[in-house]
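Chemist: Right, I'll just put the structure down here and ask away after.
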Amino acid sequence: MKEKPEAKKRIVHGNTLECPVCKNDTFWMRNTLMNTRGMTFFKVEWANKEAQNYVCDSCGYVYWFIQP
C-alpha cells in the first residue's frame, strides 16, 4: 500500500483549514482528475482539469479546490 503524504496545517486564501466533521487542523494533499463524460467517452481523461484535495488526517473528510 502506498504511504500517504505528510499531514500538516494548510492555508487556503489566507484561511487555515479546519475539518468541519472532527475539528482537526492537519491535512494531507493529493491531486485528482475531474473526469467528465465527454472526455471519458473519447478516452482522453488525461486532458480533464485537475483538482487539489486536502484530506483530513483524522477522519478522512475531503476538501476539493479547483483553480478558476
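Chemist: In region 6-19, which residues are more than 19 Å from residue 66 (Cβ to Cβ) and not aliphatic (A, V, I, L, M)? Explain how you work it out, then say what you get.
Modeler: Looking only at region 6-19, we keep the residues that are more than 19 Å from residue 66 (Cβ to Cβ), and these are 6-9, 16, 18-19.
Passing the criteria: 6, 8, 9, 16, 18, 19.
Chemist: Looking at 23, 2, which one is at pLDDT below 85 and not in a strand (DSSP E or B)?
Modeler: The unique qualifying residue is 2.
Chemist: Here's a follow-up. Could you go through region 52-67 and let me know if any residue there is modelled with pLDDT of 80 or more, part of a loop (DSSP other than H, G, I, E, B), under 13 Å from the mean Cα position of the chain (by Cα) and acidic (Asp, Glu).
Modeler: So far as region 52-67 goes, yes, one or more of its residues are modelled with pLDDT of 80 or more, part of a loop (DSSP other than H, G, I, E, B), under 13 Å from the mean Cα position of the chain (by Cα) and acidic (Asp, Glu).
Chemist: Looking at 29, 39, 34, can you tell me which residue is aliphatic (A, V, I, L, M), modelled with pLDDT under 70 and in contact with a strand residue (DSSP E or B) (Cβ under 6 Å, 6 or more places away or on another chain)?
Modeler: Matching residue, one of 29, 39, 34: 34.
Chemist: I've got another one for you. For region 6-21, give me each residue that is β-branched (Val, Ile, Thr), surrounded by fewer than 11 Cβ atoms within 10 Å (Cβ to Cβ) and either farther than 15 Å from residue 57 by Cα or under 14 Å from the mean Cα position of the chain (by Cα) (or both).
Modeler: 11
The values are calculated or read from the model by the stated rules, or taken from the named source; none is laboratory data. As the structure is a prediction and not an experimental result, all values here were calculated from the model. Glycine also receives a Cβ, built like all others from the backbone with ideal geometry; neighbour counts cover every protein chain displayed.
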